[in-house]
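Chemist: This structure is in structure tokens; I'll ask about it shortly.
The values are calculated or read from the model by the stated rules, or taken from the named source; none is laboratory data. The model shown is predicted, which means the values in this text are computed figures rather than measured ones. Note: areas computed on protein heavy atoms with side chains; ligands, DNA, RNA excluded. Shrake-Rupley method; radii C 1.70, N 1.55, O 1.52, S 1.80 Å.
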Amino acid sequence: MPHVDPAHLVELALGNGTTHDDAGALRHLAACGRCREELHLMTRVVLAARGVEEPDLPSAPPAHVWQRITQGLSEPDEPAAPAPVDAGRHPHTASAAPHRVRPRTRGRRTAGAALGLLAGAAVVRWWRRR
């Protein structure tokens with residue numbers, strides 16, 4: 001007996017209208033632990049999503065967060081020049097402040113995280129308004 005199609009399991013989890021395929025799917029679910037567990041997990045996700053309330057939604061980040069993201073994206077990807085070293089001192093013991101080398105992916109990673117957060121917030125809002 002073939003497993004229940006995942007799209008059909010989603011429809012069952014959502015509680016959408018019954019179809020002629022439901023009888024066969026329900027018989028299969030009674031006999032198949034794997035499909036029964038999938039339906040259980042999908043139903044938990046649906047219930048959790050339906051239980052989201054306004055205070056649960058993420059709020060817009062403060063302005064300083066956007067400023068930091070913009071700053072990180074506008075900085076050059078080249079490493080900083082090394083700090084000058086005193087002629088009479090060993091390079092590792094010099095009093096000059098250590099320089100920071102920024103990896104090329106930092107700005108992209110930050111932007112990706114911000115976009116991911118915004119996309120997640122948009123999906124939750126869309127789902128809530130349905």
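Chemist: Could you work out how much longer the chain between Gln71 and Ala111 gets when fully extended? Use 0.36 nm per residue separation minus the Cα distance between them, nm to one decimal.
Modeler: 13.3 nm
Chemist: Any chance you could run the full-extension gain for Ala31 through Ala48? It's 0.36 nm times the residue separation minus the Cα-Cα distance, nm to one decimal.
Modeler: Numbers: separation 17, 0.36 × 17 = 6.12 nm, distance 2.65 nm.
Separation in residues times 0.36 nm, less the Cα-Cα distance, equals 3.5 nm.
Chemist: Also, I was wondering about something else. If you roll a 1.4 Å probe over the stretch 1-49 with all protein chains in place, what percent of the accessible area is carbon or sulfur?
Modeler: 61 percent
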